[in-house]
Amino acid sequence: MVIREAEGEDWPAIWPFWRRIVAARETYTWDPDTPEKAARVLWMGPGKRVYVAEDGEAVVGSACLRPNYGGPAAGIANAGFMVDPDQGGRGIGRALAEHVLTAAREQGYRGMVFNAVVETNPAVGLWTSLGFTILGTVPEAFEHPRHGRVGLHIMYRAL
């Protein structure tokens, strides 16, 4: 597996799993009916550094790195991660996370925050294993299709 900075031509390979993950309504707070053009801006728009994980010629995951705040707080990053659901359990998410944490540090970020991690998301275990802590939880903020109302964690890690 190779992780590299994404190019505009990678979007057609990202879009199918982006759409599938967001439409599932289990891990992202974005509108499940987001049209492709708007989704591309959300993921690959200005001010974002996007990475892809490739297995051979296939894009199997992607990550988006951006500042979480502006001005005097611009040193805190935010990131999103998606792995093609058909490729889960292969360590792709962990490899992308480690790559993005290193890239964020190299780009001068001092810390990373996740603003809305669905508490039932299996990735919570990945984030805590990588040193993120749960700063707080907004109770019953997310309508999960299987679990009903669940909380959204705010997670942080210094870089």
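Scanning region 108-138 for residues that are of a type outside the set (Val, Ile, Thr), within 15 Å of ALA158 (Cβ to Cβ) and open to solvent by 30 Å² or more (accessible area, probe 1.4 Å) gives GLY108, TYR109, ARG110, GLY131, LEU135. For region 1-30, the set of residues classified as among the aliphatic types (A, V, I, L, M) and at pLDDT below 95 consists of MET1 only.
When VAL52, VAL2, VAL41 are checked against the criterion of being within 20 Å of THR102 (Cα to Cα), surrounded by fewer than 18 Cβ atoms within 10 Å (Cβ to Cβ) and either of a type outside the set (D, E, K, R) or touching a Gly at 6+ places or on another chain (Cβ under 7 Å) (or both), VAL2 stands alone in meeting it.
If you go through region 96-135 and keep only what is among the small types (Gly, Ala, Ser) and outside any loop (DSSP other than H, G, I, E, B), you end up with ALA97, ALA103, ALA104, GLY111, ALA116, ALA123, GLY125, SER129. The C-beta contact set for region 64-92 (first residue closer than 13 Å to ALA123 by Cβ, second residue assigned to a loop (DSSP other than H, G, I, E, B) and open to solvent by 50 Å² or more (accessible area, probe 1.4 Å), distance under 8 angstrom, 6+ apart or interchain) comprises ILE92/MET1. PHE17 passes every criterion in (1) more than 17 Å from LEU130 (Cβ to Cβ); (2) out of contact with any Leu (no Cβ under 7 Å at 6 or more places or on another chain); (3) open to solvent by 20 Å² or more (accessible area, probe 1.4 Å) apart from (3).
May I ask you to say which residue of ASP33, ASP84 is open to solvent by 40 Å² or more (accessible area, probe 1.4 Å) and modelled with pLDDT of 95 or more?
The match here is ASP33.
Across region 139-149, which residue is farthest from GLU26 (Cα to Cα) among those that are open to solvent by 70 Å² or more (accessible area, probe 1.4 Å) and of a type outside the set (Lys, Arg)? Selected residue: PRO139.
The values are calculated or read from the model by the stated rules, or taken from the named source; none is laboratory data. Quick caveat, the model's predicted, so the values are computed rather than measured. With ideal geometry, Cβ positions are generated from the backbone for all residues, glycine too; neighbour counts draw on all protein chains shown. Each accessible area value is taken on the protein alone, full model and side chains, heavy atoms only, with ligands, DNA and RNA left out. Shrake-Rupley method; radii C 1.70, N 1.55, O 1.52, S 1.80 Å.
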